[in-house]
Every structure is written in C-alpha cells, then in structure tokens.
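Enquirer: Shown below is the structure under consideration.
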Amino acid sequence: MESRMQRIKKVMLMSIRKISYQWKVLRLYYWADLELSQMQAVFVMPIYYYCLLYRACLWLIEIRIFRRLANRAIHTIPFHVRFELS
C-alpha cells in the first residue's frame, strides 16, 4: 500500500504537468512527465473509491443522458481495478 506522501506527490506532479503544458513550459512538462512515469504504480485514490465509482458508472450508463459522463468517468479507473470488478 502506498504512502500518503506518494499520493500527494503524484497529485502535485499531475498539476504541474498540466499547467506547464498550458503555459508552454516544455522543459518543466517533460520533467514532471518523467517523474510521473516512475510513479505509475501509485494510485491517487484508495481502491474502495474506484470500486464505488465503477458501480456508480454502471448505474449511470442505464440513464441515457448520463451515458457520456459515465463512459468518461469509468476510463479514469485504473485497469487492474476495472478488470477485477468486471
């Protein structure tokens, strides 16, 4: 189980990468991307959160107007959690 500091570090790096891309600071963007690639196994949210999100998305798919939102949300869940639950 990953530590809370690793989760916080990953969230900060994701924010830095997004902002540096928008501001076109490519050197900072590539640095943040390199650091994130080393933290690929760290999940930002706890596993039970992803399980709840998966169930909620399956429920929302049945409602036609929320289908696009549910599809987008379900693809934010890490692969191993999605495959375990399905």
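Enquirer: Whether any residue in segment 57-77 is of a type in the set (K, R), on the phi < 0 side of the Ramachandran plot and in contact with a helix residue (DSSP H, G or I) (Cβ under 6 Å, 6 or more places away or on another chain) is what I want to check.
Expert: Looking for residues that are of a type in the set (K, R), on the phi < 0 side of the Ramachandran plot and in contact with a helix residue (DSSP H, G or I) (Cβ under 6 Å, 6 or more places away or on another chain), one finds at least one in segment 57-77, hence yes.
Enquirer: Here's something else I'd like to know. Limited to segment 34-60, what total is found for residues that are farther than 23 Å from R82 by Cα and either assigned by TED's automatic domain parsing to the domain that holds V81 or surrounded by 15 or more Cβ atoms within 10 Å (Cβ to Cβ) (or both)?
Expert: So the count comes out to 1.
The values are calculated or read from the model by the stated rules, or taken from the named source; none is laboratory data. Treat the numbers as computed from the prediction; the structure is a model and nothing was measured. Neighbour counts run over all protein chains shown; Cβ positions are idealised from the backbone, glycine included.
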